[in-house]
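Asker: Mind looking over this structure? Questions follow.
Derivation of every value follows stated rules applied to the coordinates shown; laboratory data play no part. Bear in mind that the values here come from a model prediction, so they are computed numbers and not experimental data. Every residue, glycine as well, gets a Cβ built from its backbone with ideal geometry; the counts of neighbours run over all protein chains shown.
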Amino acid sequence: MTAWHTALGLEFVRNALVAGLLSSLLCGVIGVFVVAKRLTFISDGISHAAFAGLGLCFLLGADPRLGALVTAVLFAVALGTLGTTATRQHDALIGVLYAVGMALGIVFVHQAPGYVPNLMTYLFGNLLLATGADLRLTCWLTALVLGTLLVLRKPLVAVAFDEEFAFVQGVPVRAVVTTLLVLVSLTVVLLIQVVGVILVLALLTIPPLTALVLARDLGPVIAISVGVGLAGTTGGLALSYRWDLPSGPAIILLGAALLAAAYLVQALRRGARRRTLLRSHRR
Amino acid sequence: MAEPLVEFRDVTFGYRREAVVEHVDLAIGRRDFLALVGPNGGGKTTLLRLMLGFFPPWRGEVVRRLSRRRGAMGYVPQFSSFDRDFPMRVESLVLMGRLGASGLFRPYRRDDRLRAAQALAKLHLTELARLPIGELSGGEVQRVLIARALAGDPEILLLDEPTSSVDPGSREVLAAVLSELNARIPVVVVTHDISSLARQVTRVAFVNRTLTEEEAPERWTSSHRHLGEASLPAAGEGER
């Protein structure tokens, strides 16, 4: 027990815990829409394209974070205006966007005179290095994204489920999709600097996927998704502290174990259902 | 005769550069039960989408004499237009038919839930209301989609291939409900297999780039019932 108390007494551990919890909450909710609407690759592409803006701002002496954010939002708006169906058809182009963004960023930074800091610190954060400022930023972001999702929930669910029907019901489909993409890119770009790129993508995909395997209604899916994220981050941090493992990978591997368990539960349930179906036929 | 509810005036439209439908004139009256038949890629679904206003025609115009409220057009999309693994229960899906009527940002009210429940009952789905959509049979899904369209209290109902992948039992429920609806509002069906709705259909239009109206549906349905499926060359490039 005392070991855990000592751990919680350390500021960096407390910060890591809070950053992890906020990120799980945020990613757990928005991730359900990312996974259900199959936007994972698009979000990934946008977040890496943002590197071009980061490099440009670095070269011009402006705040690189701002550059990354503006670029990501611009790409989100562009892809959203194009429409998700068209965007998914241009799968390979997103791969190009991804690579060109990274390349441009590196070239820009290389051209910058004087001392070049390790770019990785701008692009890839580390949960254990989260600062008070990072936490405040994450707090604001979480409030902004969740607030917008709450206001937009009806049109958003309709668009996520069936764009054509949503259109017939008077939903401005493109605008809703664009808003979703902008929220996702804000989330990814800002959280990358707090918890690291791999952990962001893990938190956006593993908990929602686990929830989609276990539950069949949107409310429970979101609840389980957030729950799995919270369990993964706290459990992963505990494992990391106890056995001196790197924190990000510990969180991801614990999440993957939860996902595997969910698949197992699903397989067992299906077996049981098939047996009952054989006994009594529904009309 | 009263003014038609939906009217196509010399409508031409296509995707990319190639016209899919050309010079289409069509008037849909208040009591019509219109079947759009024809080969794949002939433009049936495109006509339906023009009616719904998904895109403006290249030339000509589509006139709608419907009230401007959201949900005035009831739409039953093709089976494959959505992901059946999406986490949603039957009742939530049907409630979505009230989306426009209830306002995009306001929560659903009691009246919305009531109308959704009535639509479910009308299609004999009340028992399945709590089921996730992934567990339904093809016929049940089709009925759920119709219930969703009805929940919005539409002034015209447009259905895209409602009888494909439907078991005979559901087909009967479907035909009965559509016929009852047709007493109040026009029904437009895009279909390959007109035989399953032969008794309800009052007009048949053959769509293959242009539109030809057939006069006697009885004769049509008995001798050419599978005409749409294979016997004619396709005009466009695949169904849209």
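Asker: Rounded to the nearest 500, what is chain A's calculated 222 nm mean residue ellipticity when only DSSP H runs of at least 4 contribute -39500 (n - 2.57) each, over all residues?
Answerer: Details: 14 runs with 241 residues, N = 283.
Mean residue ellipticity at 222 nm (helix-derived): -28500 deg cm²/dmol.
Asker: Here's a follow-up. Give me a comma-separated list of calculated 3J(HN,Hα) values for region B:43-58, in order, Karplus coefficients 6.51, -1.76, 1.60 applied at θ = phi - 60°, integers in Hz, x for any Gly or Pro.
Answerer: My calculation for region B:43-58 gives x, 4, 5, 4, 4, 4, 5, 5, 4, 6, x, 4, 8, x, x, 5 Hz in order.
Asker: Can you tell me how much longer the chain between B:R65 and B:A176 gets when fully stretched, taken as 0.36 nm per residue apart minus their C-alpha distance, in nm with one decimal?
Answerer: On the way: separation 111, 0.36 × 111 = 39.96 nm, distance 2.65 nm.
Extra length from B:R65 to B:A176 when fully extended: 37.3 nm.
Asker: Among A:S47, A:I252, A:A166, flag the residue with its Cα farthest along the positive direction of the charge dipole of chain A, charges on Cβ as +1 for Lys/Arg and -1 for Asp/Glu.
Answerer: A:A166
Asker: For the pair A:I106 and A:W140, what calculated FRET efficiency results from E = 1/(1 + (r/R0)^6), where r is the Cβ-Cβ distance and R0 = 30 Å, to the nearest 0.05? Numbers along the way, then the final one.
Answerer: Details: r = 30 Å, r/R0 = 0.99.
The calculated FRET efficiency here is 0.50.
Asker: Would you list A:T131, A:T233 from fewest to most Cβ contacts within 10 Å? Each step should come with its number before you reach the end.
Answerer: Working: A:T131 14, A:T233 31.
With the fewest neighbours first, A:T131, A:T233 line up as A:T131, A:T233.
Asker: List the lysines whose Cα sits under 18 Å from the Cα of A:K154, skipping any in the same chain fewer than 8 residues away.
Answerer: Those lysines meeting the cut-off are A:K37.
Asker: If I take R0 = 60 Å and measure r between the Cβ atoms of A:A238 and B:A183 in this structure, what FRET efficiency does the formula 1/(1 + (r/R0)^6) give, to the nearest 0.05?
Answerer: Working: r = 66 Å, r/R0 = 1.10.
That pair, A:A238 with B:A183, gives E of 0.35.
Asker: Please turn the phi angles of region A:219-226 into ³J(HN,Hα) values with the Karplus equation 6.51 cos²θ - 1.76 cosθ + 1.60 (θ = phi - 60°), one per residue in order, whole Hz, x for glycine and proline.
Answerer: Using θ = phi - 60°, the values come out as x, x, 4, 5, 4, 5, 4, 4 Hz.
Asker: Something else about it: Go ahead and set up a Gaussian network model of chain B, Cα springs under 10 Å, then flag whichever of B:E140, B:E22, B:E180 fluctuates most.
Answerer: Highest fluctuation among the options: B:E180.
Asker: Can you give the convex hull volume of the alpha carbon atoms of region A:217-258 per residue, in Å³?
Answerer: Values: hull volume 2.1 nm³, N = 42.
Measuring per residue, one finds 50 Å³ for the Cα hull of region A:217-258.
Asker: Using θ = phi - 60° and the Karplus form 6.51 cos²θ - 1.76 cosθ + 1.60, what ³J(HN,Hα) does each residue of region A:142-157 get, whole Hz, x for Gly and Pro?
Answerer: 4, 4, 4, 5, 5, x, 5, 4, 5, 5, 8, 4, 5, x, 5, 5
Asker: Tell me the relative contact order for chain A as a rounded percent, counting alpha carbon contacts under 8 Å between residues six or more apart. Display every interim value, and only then the final one.
Answerer: Numbers: 381 pairs, mean separation 78.5, N = 283.
With pairs under 8 Å counted, the relative contact order is 28 percent.
Asker: Now for a different question. Based solely on its DSSP helices, what 222 nm [θ] is calculated for chain B when runs of n ≥ 4 H residues each add -39,500 (n - 2.57) and the sum is averaged over all residues, nearest 500 deg cm²/dmol? Can you show the working numbers first?
Answerer: On the way: 7 runs with 67 residues, N = 240.
Counting only the DSSP helices, I get -8000 deg cm²/dmol.
Asker: Further question on the same structure: Report, by chain and number, residues whose modeled amide H sits under 5 Å from the one on B:W58, excluding near sequence neighbours (fewer than 5 apart, same chain).
Answerer: Placed amide hydrogens put B:T12, B:F13, B:G14 under 5 Å from B:W58.
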